[in-house]
Each structure stands twice: as C-alpha cells, then as structure tokens.
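Q: Take a look at the following structure, please.
The values are calculated or read from the model by the stated rules, or taken from the named source; none is laboratory data. Because the structure is a prediction, the values reported are computed rather than measured. Using ideal geometry, Cβ is built from the backbone for each residue, glycine included, and neighbour counts are taken over all protein chains shown. Side chains included, ligands, DNA and RNA excluded: accessible areas come from the protein's heavy atoms. Shrake-Rupley method; radii C 1.70, N 1.55, O 1.52, S 1.80 Å.
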Amino acid sequence: MKNKWIAGVIIGTFLVFIGLLGLFLRPGEFPVNRDDGNEDVVDTDTDRKLPVPALLEDKNPNDGISEFEISVQEGETEFISGLKTPTLGYNGSYLGPVIRVSRGDEVRMHIKNELSDETSVHWHGLEVEGTDDGGPHQVIAENGVWEPVFEISQPAATLWFHPHVIGTTAIQVYYGLAGLLIVEDENSKSLNLPDEYGVNDIPLIIQDRSFSEDGSFLYYDNMMDGAYGEHIMVNGAITPYLDVDQVKMRFRVVNGANASNFDLRLSDRSEFQQIASDGGLLESPVERDSLFITPGERAEIIVDFSKYEDGDVLELESDGERVMSFRVGEEAEDTTEIPLELAEIEKMDQDLVTGFKSIELDGMGRMVTLNGRQFDMDRIDDDVAEGELEIWEITTNRSMMMGSLGHPFHIHGTQFQVLSRNGEEPYQNEMGWKDTIFVNAGETVRIIVRFRFKGVFMYHCHILEHEEAGMMGQLEVY
Ligand code: C2O
Ligand code: CU
Ligand code: CU
C-alpha cells in the first residue's frame, strides 16, 4: 500500500516535471544535452596562440569616405586539432574582421549573405537611422545584398556587429557571427594611448562554447539563463596565449557570449585601468582588479606588463577559470601613456527630461517577458520624439527560483548614461557612455537616454536566448 503511494508521488512529480520542461523547451530544436556523455574532446593543455582578427580594408580611396565589403559565410574551423567544426563567419570561417572608422566618415557597407539562411548585420552601439541599424527589420535574404550608408557621428568607441533575425540570432552568433567596429576620433587619436592595432591594441572577443565528440558545436539552451559553453574562447581560440613585451597593452574586451557573464581578473590580482565602456572613453581611467562584463558589453582596459620579467606567465581568469594567458617577453620601449583626462562627457541634464519609461524584465528560460509581454514583430511597444530626453527605469524581479543571474539590458541606436543603481551612484566604470547595462535580480537601474535618429529600434535583454524568447520590445523614434 505504502509502496503504491510512493510510486504515485514519484510518477506524479515526474509528470509535473515533464510538463514544466515542455514550457521551457521547444521540442526538437537543438541538441538538449550539454553533457552529451562523451569524453571532452578539448585538450586543455594544448598551446593555442591568440588569433588577432584582421583589419578590414577600406575600398574607397577618398578621405572621409569608407567602403567595406563583407560576406557572411558558412565554413569550417579547426578549434581542436584534427577536428573540423562547422561554423559561420564574416569574410572567413569564424568571427569577422575589425572594421575601423573615424568620426565624421561616411561609411558605405556592401554586405552579401552567402548563408543558406536569412541573416542581418546589426551595428551594436552605433547611432544611425533605424533603417541602417541591421535589426530584425533589415533581414538579408539568402544570396541577398544589404548596402546601408551612414555617417559616423559619435565618439571613439569599441562597437560590434552581429546578426539579429528573429529566431536565429542566438544560433548564428553561437556559430561564429560577430565582429568588431572600432570608432576613432580626434580626441582618441591625440591621447597617446596604446593604439597600434595588433601590436599594443588588441581585441579580446570572449565567448564560451561546447563541443561534441566529432568537433561540432554543441548548442545547449539552458532552461534558465540561455546557452552556456564548457570552454572559454578568445577571438575564436580555446583558452589561448598571447606573447607580450614589458609594455602597456590595451585590450578591447567584448563579451560576445550568448549568455555567460565573465568576471575577469589577472591571476596575480594586479590592478589594471579601465579606460572605456560600451560607448567610448571614460572621463578618466578607473583602476580596478576585476572586470565584470555581461553579454553585449564592452570595456577597454590597459594592463601594464612593465613590472613583470621575461618568462613570467600571467593568466586572465573568470571565476577561477582560465580565459587566456599572457607570456611576458622582453623589455621594450613604451612611449604610450594613460592620461588622467581621457574624454569630456557632457552629463545629460535631468531638468530637461520630458518623458519616463519603465521597463520590467521578468521570468526565465522561455517564460521571459518585458513589461509583462513577449516580443511581437508587428507591435510597436513605445515611442519617443527624436532628440527628447527621457529617463528609463529598468527593474528585474527577484526570481523565485535560484540561478537567475540578472539581465543585460540593451538599447539599439543610442548611447545612454546611467543615473543610479538601486538609488545609489552607479559604479565608477558605468559613468561613461553605455548601450548595455546589467540589471541584477531585484535591482533597479535608472538611465537617461536620447535618440538622435529616427526609426524603429529594439531594446532587449542581451542574453540571446532571452531575446529570442521574447524579452524584447520595439521603440519608434519619430
Ligand atoms: Cu547586440 Cu539587439 O543587439
Ligand atoms: Cu544592439
Ligand atoms: Cu535576460
């Protein structure tokens, strides 16, 4: 009798569990098992050199006009020696080149979609008209071409680009579609910061990926917080190393992961300087010994290797896990400096605010909502006039279940300023221009924002699986 009762409870619990699982997962979509039961094929002791993405050639000889050709491609990449991983890339098999432009430039993009699927190329952080944004409304069909033309009108910054088609954003990014867009301006060029690309100015696109036994990517959409990977990759190499001289090195860190936050530290706990946030240089450098960076965010940091000796090895870690290592080489001349004043950032005036929006981020897994509802391509959720100043208050509910990690909230087409975090001053490295702001479970963040260009823009959680599940809205700037 008692056994039957227990069996009944077990079966009942099991059925409820299966039912709940059904709510979170859409059937048959992706390989569901993160741990596929196989031996991990990645040899963590192998030496892999940090790849540095090439600078994309400007095809236009005129000063002030830049023209770039990008083809979105399918390919194969050898992340694990002897194994081929099917991947996607821009002008290559994985990730993409770095596009470098200057403020004031007219930029003409020529983008060809060679995938056997739709895609789009969204300029994350770029302030342009809605029709040039590359969001879900600018789908490029298979074999299609997209040729937006826009002017760079914002300060020097590390921006990036990635696909944004409803339903395939997360998987296309996971398979490799992401690249960097570096903006320079008169100020950034005059500062004498390390800025020799590939020498003392190096991008670090940090992601995490899992692999199957045959080397193919394993995309496992965690039920709670999106797709994590077992291995950290930088610029498309699994925990690579970089040879550095005993000089100051500038790293443009991009969290290009689908869902993972990274909390970066040097293995000896040394301090480094953060000089820029998402949208540009900070007013002055912020000294710190760790950098918490969430999906979509960027930070420029400078690590001074002059205090180390030839042969020293230093690791960059996240929560105790190795991200990459630095192998210190010889002494070298270093004429660069980190000025105490990096940029002038005019504070947006709260007295001139004419509107207020509140954004509530809630739920987890497939059940996420923004202001209580899920994204609808045919619905404009809100609007604002061009040039108006608004305060947006972003809140997240403290989740009942453990494991909810907060949400990196991103707005297209603008750079905003953070007014407060839980009623207090924002962190020091959040006082510059931002386009993505992490709002932890139970937190309230207030930002001040203005749109300088018209059109339809997305705002969403940058955990790509949350965005796909509908934690996104549309704003019309008129
Ligand atoms: Cu990084 Cu909606 O984008
Ligand atoms: Cu964006
Ligand atoms: Cu989220």
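Q: Using Cα pairs under 8 angstrom and six or more residues apart, how large is the relative contact order of the chain, in percent? Intermediate results must be reported in sequence, preceding the final value.
A: Working: 1264 pairs, mean separation 68.8, N = 478.
Contact order relative to length: 14 percent.
Q: In whole percent, and with a 1.4 Å probe on the protein chains, what portion of the accessible area of the chain is carbon and sulfur? The partial results should precede the final answer.
A: Details: 9480 of 20070 Å².
The value for the chain is 47 percent carbon and sulfur by accessible area.
Q: Note down the magnitude of the dipole of the stretch 111-191 about its Cα centre, charges +1 on Lys and Arg C-beta and -1 on Asp and Glu C-beta and zero elsewhere, to the nearest 20 debye. Write down the numbers at each step before the final one.
A: Working: 2 positive and 13 negative charges, 53 e Å.
Computed charge dipole of the stretch 111-191: roughly 260 debye.
Q: Excluding residues fewer than 8 places away in the same chain, name every one of the lysines whose C-alpha is closer than 30 Å to that of K84.
A: The qualifying lysines are K49, K112.
Q: Ok, one more. Report the one residue of A343, H466, V101 whose Cα lies farthest in the direction of the positive end of the charge dipole of the chain (charges on C-beta: Lys and Arg +1, Asp and Glu -1; origin at the Cα centre).
A: Working it through, the farthest residue towards the positive pole turns out to be H466.
Q: I'd like the per residue volume of the convex hull spanned by the Cα atoms of the stretch 350-477, given in cubic angstrom. Intermediate values should be presented prior to the final figure.
A: Values: hull volume 12.8 nm³, N = 128.
Each residue corresponds to 100 Å³ of Cα convex hull volume.
Q: Report, as a whole number in µm² per second, the diffusion coefficient that Stokes-Einstein gives for the chain at 20 °C and 1.002 mPa s using the Kirkwood radius over alpha carbon pairs.
A: Values: Rh = 23.1 Å.
Roughly 93 µm²/s, to the nearest whole number.
Q: Please give the charge dipole size of the stretch 260-329, origin at the Cα centre, charges +1 on K and R Cβ atoms and -1 on D and E Cβ atoms. Round to the nearest 20 debye. Don't skip to the answer; put the middle values down first.
A: Working: 7 positive and 17 negative charges, 22 e Å.
That gives a dipole near 100 debye.
Q: Would you work out the charge dipole size for the chain about its Cα centre, treating the Cβ of every Lys and Arg as +1 and the Cβ of every Asp and Glu as -1, and quote it to the nearest 20 debye?
A: Numbers: 36 positive and 89 negative charges, 370 e Å.
In total the dipole reaches around 1780 debye.
Q: Can you find, among G372, T436, V384, the residue farthest towards the positive end of the dipole of the stretch 350-477? Put +1 on the C-beta of Lys and Arg, -1 on that of Asp and Glu.
A: Positive-end residue among those listed: T436.
Q: If you don't mind, there's one more thing I want to ask. Given a 1.4 angstrom probe, what's the average accessible area per residue across the chain, in square angstrom? Intermediate values should be presented prior to the final figure.
A: Numbers: 20070 Å² over 478 residues.
For the chain, the solvent-accessible area averages 42 Å² per residue.
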